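Encoded as structure tokens, the structure appears first; notes follow it.
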2 protein chains.
Amino acid sequence: VFSTITIVGVGLIGGSMGLAARRTGIAQRVIGVGRDQAKLQQAIKLGAINEASTDLAVAVRDADLMVVCTPVNSIAQFVLAAATHAKPQALITDAGSTKATIVKEVEAGLQKLDCQAQFVGSHPMAGSEKNGAEHARADLFEGRAVIVTPGEHSSHESVDSIEGFWQALGANVFRLSPSEHDRAVAAISHVPHVVASALAAGTPPEYFPLVAGGWLDATRIAAGDPELWRQILSQNRSHVLNGIAAFEKVLAALRDALESENDTQLRNLLQAGKNARDVVGSRHSPARNPG
Amino acid sequence: VFSTITIVGVGLIGGSMGLAARRTGIAQRVIGVGRDQAKLQQAIKLGAINEASTDLAVAVRDADLMVVCTPVNSIAQFVLAAATHAKPQALITDAGSTKATIVKEVEAGLQKLDCQAQFVGSHPMAGSEKNGAEHARADLFEGRAVIVTPGEHSSHESVDSIEGFWQALGANVFRLSPSEHDRAVAAISHVPHVVASALAAGTPPEYFPLVAGGWLDATRIAAGDPELWRQILSQNRSHVLNGIAAFEKVLAALRDALESENDTQLRNLLQAGKNARDVVGSRHSPARNPG
């Protein structure tokens with residue numbers, strides 16, 4: 001149990017963490033930090049946070065745990081700012097969709113500051129194409145994968161604390177190195193995002209009135225915020241480019257089978273896709289898929 | 001109102017048509033035709049049909065309207081068999097995901113048989129990765145697009161009747177030529193299916209435990225039956241190949257923007273995908289998306 005948790009960036013993820021931390025009792029007091037007073041007041045009304053502040057230095061002063069839930073390009077700077085103003089040995093984590101760049105920048109920065117705060121990166125695999133605390137849910141992390149990525153300077157104790165925090169919110173915690181994380185999420189999140197965007201952007205508008213559930217499902221994540229995703233893809237450039245190349249190979253195999261009228265090969269490739277989808281889908285209750 | 005409707009193939013689509021036709025009162029009697037007695041009895045229990053038969057010739061004898069809901073490769077032969085045994089001037093439609101090949105084969109066959117039955121092709125855009133009458137829903141077609149594709153020999157009267165039938169089930173009817181239909185559904189259904197299959201088949205299995213809602217959404221349709229989809233893709237080969245080429249171009253533009261670190265271009269392409277998804281998504285209530 002943490003007596004005070006400070007959440008920097010109270011949107012879908014930060015807001016859900018606040019709701020979940022308060023409901024589970026893992027936090028006695030949750031402080032939200034943001035730039036927009038109206039949004040912070042809304043987060044208080046929603047029960048996501050107890051208190052709000054637009055001043056990071058003040059808001060982290062008493063915190064035992066700080067969680068930075070901002071767009072990936074600003075995570076490192078907020079972690080370092082939080083570390084500067086935090087109690088000695090306070091814990092800091094984040095919720096960014098990339099890890100190697102952030103962990104590297106944070107660890108270099110903490111050494112430079114000669115700061116005793118402990119940073120351990122996290123990535124809850126529980127986002128959505130929706131943003132904003134109004135979509136926050138106390139059960140957002142229940143049964144979901146959260147990847148925790150210790151850096152070179154992370155103490156065993158701090159890694160255990162961060163993993164325990166996520167487990168208290170109901171998550172299934174996986175421990176990967178920052179670069180293992182980035183390679184994995186390129187395949188399961190970043191490449192699917194690029195593919196969904198290409199599908200949506202490439203559909204001739206005259207066919208929009210005809211679309212059905214298949215197109216809507218396949219393109220749902222393309223509704224995500226373009227600037228947030230540009231930052232994510234750019235921070236994970238090399239793994240995403242490798243992942244796109246791997247996807248293009250499988251697509252080319254399907255195309256070649258269709259073009260050469262190789263029915264057996266075409267059916268086998270479709271079967272391979274179904275097998276993968278069925279294996280993964282059977283582990284997730286349909287009711288838990290975000291709408 | 002039709003006094004008797006005969007549905008050949010009582011799965012998700014055929015079963016939903018039966019449920020909807022009975023609930024709306026557009027049919028007084030619905031006969032289901034299939035090979036599997038147990039499945040037909042289940043369809044009766046579910047209320048999708050009143051009567052069942054494994055003998056097509058008997059089941060279509062009194063029908064005013066016959067709907068063939070079998071896999072695309074067998075639609076033309078069932079339509080022609082139904083026409084042979086039907087009352088003169090009976091109406092026949094289908095629910096196949098391709099149209100040009102089917103309409104051509106049926107029209108040639110009807111001329112050869114010198115048969116007065118009227119065929120007008122249909123494609124309800126309301127499928128799912130699920131099969132079987134147990135997933136049938138009386139409201140499956142409500143607010144959904146159904147494309148009706150008159151052939152060269154379709155009378156105005158019969159086209160109007162088929163369109164009226166779908167409208168009675170709550171569908172939004174669009175009239176396209178068979179080849180216009182095939183080009184459109186390549187873009188909005190067949191290419192997304194191939195892309196979803198490639199995404200699912202290409203995901204390294206060691207990452208399966210980490211996936212979240214984005215991957216599950218983007219790959220959902222890959223769970224569809226491989227043989228049904230092989231038939232669909234093969235029947236619509238040229239349009240699907242053109243559609244894949246168009247998709248590959250958009251994907252290459254995204255890849256190039258990422259590779260060349262052209263942030264503006266990358267964000268613009270992601271924004272184009274979001275714009276398309278938002279426009280289409282806003283026309284569909286989320287609750288109506290098949291899970």
Original post:
Taking the simple approach of a point 7 Å from Cα along Cα-to-Cβ for both B:GLU134 and B:GLU180, what is their distance in nm?
Top reply: 4.1 nm
Original post:
Per-residue mean of other chain beta-carbon atoms within 10 angstrom of the beta-carbon, peptide A:124-131?
Top reply: 3
Original post:
Over segment B:106-236, what relative contact order in percent results from Cα pairs under 8 Å that are six or more residues apart?
Top reply: 24 percent
Subject >> Geometric extent, Cα atoms of the protein assembly as shown - Rg, Dmax (angstrom) >> reply: 27.3, 91
Subject >> Shielding of A:235-243 by partner chains, average beta-carbon count, 10 Å >> reply: 2
**OP:** Using only the Cα atoms of segment B:1-111, build the gyration tensor, take square roots of its eigenvalues as a ≥ b ≥ c, and label the shape rounded, prolate or oblate: rounded if a/c is under 1.5, else prolate if a/b is larger than b/c, else oblate.
**Re:** prolate
Original post:
Helix A:191-202 versus the longest principal axis of chain A: what is the Cα-based angle in degrees, 0 to 90, to the nearest 10?
Top reply: 60 degrees
Original post:
Could you give the nm distance between label points at A:ASP278 and B:ASN172, where each point is 7 Å from its Cα heading toward the beta carbon?
Top reply: 3.4 nm
Original post:
Short version: ³J(HN,Hα) in whole Hz for each residue of segment A:130-146, in order, from phi by Karplus 6.51 cos²θ - 1.76 cosθ + 1.60 (θ = phi - 60°), x for Gly and Pro, what are they?
Top reply: 8, 10, x, 4, 5, 9, 5, 9, 5, 9, 4, 9, 5, x, 8, 6, 10
**OP:** Under 15 Å from the Cβ of B:ILE44, count the other residues' Cβ atoms, weight Lys and Arg +1, Asp and Glu -1, and hand me the total.
**Re:** +1
Subject >> Local electrostatic count, B:GLU129, Cβ distance below 10 Å [Lys/Arg +1, Asp/Glu -1] >> reply: +1
Subject >> J(HN,Hα) series, segment B:207-223, from Karplus relation 6.51 cos²θ - 1.76 cosθ + 1.60, nearest Hz, glycine and proline x >> reply: 8, 3, x, 8, 5, 10, x, x, 5, 4, 5, 5, 10, 3, 5, 5, 6
Original post:
If you put +1 on each Lys and Arg Cβ and -1 on each Asp and Glu Cβ, how big is the dipole of segment B:133-291 around its Cα centre, in Debye rounded to 20?
Top reply: 220 debye
Original post:
Rounded, prolate or oblate: which fits segment B:83-215, taking a ≥ b ≥ c as square roots of the Cα gyration tensor eigenvalues, rounded meaning a/c under 1.5, else prolate when a/b beats b/c?
Top reply: prolate
Subject >> Amide H contacts of B:ALA86 (H built 1.01 Å from N, under 5 Å, at least 5 apart or other chain) >> reply: none
Original post:
Can you pull the mean other chain C-beta count within 10 Å for peptide A:138-149?
Top reply: 1
Subject >> Farthest toward positive dipole pole in segment B:191-291 [+1 Lys/Arg, -1 Asp/Glu at C-beta], among B:ALA252, B:VAL194, B:TRP229 >> reply: B:TRP229
**OP:** State which entries of A:LYS39/A:LYS130; A:LYS130/B:LYS249; B:LYS39/B:LYS99 exceed 18 angstrom in Cα-Cα distance in the structure shown.
**Re:** A:LYS130/B:LYS249; B:LYS39/B:LYS99
**OP:** Indicate the residues belonging to segment A:250-273 that lose 20 Å² or more of solvent-accessible heavy-atom surface (probe 1.4 Å) upon moving from the chain alone to the assembly of all protein chains, ignoring ligands and nucleic acids.
**Re:** A:VAL250, A:LEU251, A:LEU254, A:ARG255, A:LEU258, A:GLU259, A:GLU261, A:ASP263, A:LEU266, A:ARG267, A:LEU270, A:GLY273
Subject >> Whether segment A:200-291 is rounded, prolate or oblate, judged on the alpha carbon gyration tensor where a/c under 1.5 counts as rounded >> reply: rounded
Original post:
Under 19 Å Cα-Cα from B:LYS45, which aspartates and glutamates qualify once same-chain neighbours fewer than 8 residues away are excluded?
Top reply: B:ASP36, B:GLU134, B:ASP139
**OP:** Beta carbons within 10 angstrom, averaged per residue: use that to sort the peptides A:110-116, B:34-40, A:130-136, A:178-184, highest first.
**Re:** A:178-184, A:130-136, B:34-40, A:110-116
Subject >> Size of electric dipole in chain A: Cβ of Lys, Arg +1 and of Asp, Glu -1, about Cα centre, debye, nearest 20 >> reply: 400 debye
Subject >> Amide H contacts of B:ASN172 (H built 1.01 Å from N, under 5 Å, at least 5 apart or other chain) >> reply: B:GLY143, B:ARG144, B:ALA145, B:VAL146
Original post:
Taking the Cα atoms only, what angle lies between the long axis of helix B:72-85 and the longest principal axis of chain B, rounded to 10 degrees?
Top reply: 10 degrees
Subject >> Under the Debye formula (equal points on every Cα, no solvent term), log10 I(q)/I(0) of chain B at q = 0.07, 0.08, 0.11 Å⁻¹ >> reply: -0.29, -0.38, -0.68
**OP:** Roll a 1.4 Å probe over the protein chains and send me the accessible area per residue for the protein assembly as shown in Å².
**Re:** 40 Å²
**OP:** Starting at the first residue of segment B:93-101, write each ³J(HN,Hα) from the Karplus equation 6.51 cos²θ - 1.76 cosθ + 1.60 with θ = phi - 60°, in whole Hz, x for Gly and Pro.
**Re:** 9, 9, 9, x, 7, 10, 10, 4, 4
**OP:** Please give the total accessible area that chains A and B bury against each other, computed with a 1.4 Å probe and expressed in Å² to the nearest 100.
**Re:** 7600 Å²
Original post:
Between B:ALA52 and residues 5 or more places away or on another chain, which pairs have amide H atoms under 5 Å apart, with H built 1.01 Å from N, and which residues are they?
Top reply: B:GLY32
Subject >> Computed accessible area, A:PHE208, all protein chains, 1.4 angstrom probe, square angstrom >> reply: 20 Å²
Original post:
How much of the DSSP beta bridge set in the protein assembly as shown is antiparallel, as a percent to the nearest 5?
Top reply: 15 percent
**OP:** Would you tell me the accessible area of B:GLU51, worked out with a 1.4 angstrom probe on the heavy atoms of the protein chains, in Å² to the nearest 10?
**Re:** 70 Å²
Original post:
Of the heavy-atom accessible surface of chain A (probe 1.4 angstrom), what whole percent is carbon and sulfur?
Top reply: 48 percent
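The values are calculated or read from the model by the stated rules, or taken from the named source; none is laboratory data. Since this is a predicted model, take the numbers as computed values, not measurements. Cβ: placed from backbone, ideal geometry, glycine included. Neighbour counts: every protein chain shown. Please note that ligands, DNA and RNA were not included when accessible areas were found on the heavy atoms of the full protein model with its side chains. Shrake-Rupley method; radii C 1.70, N 1.55, O 1.52, S 1.80 Å.
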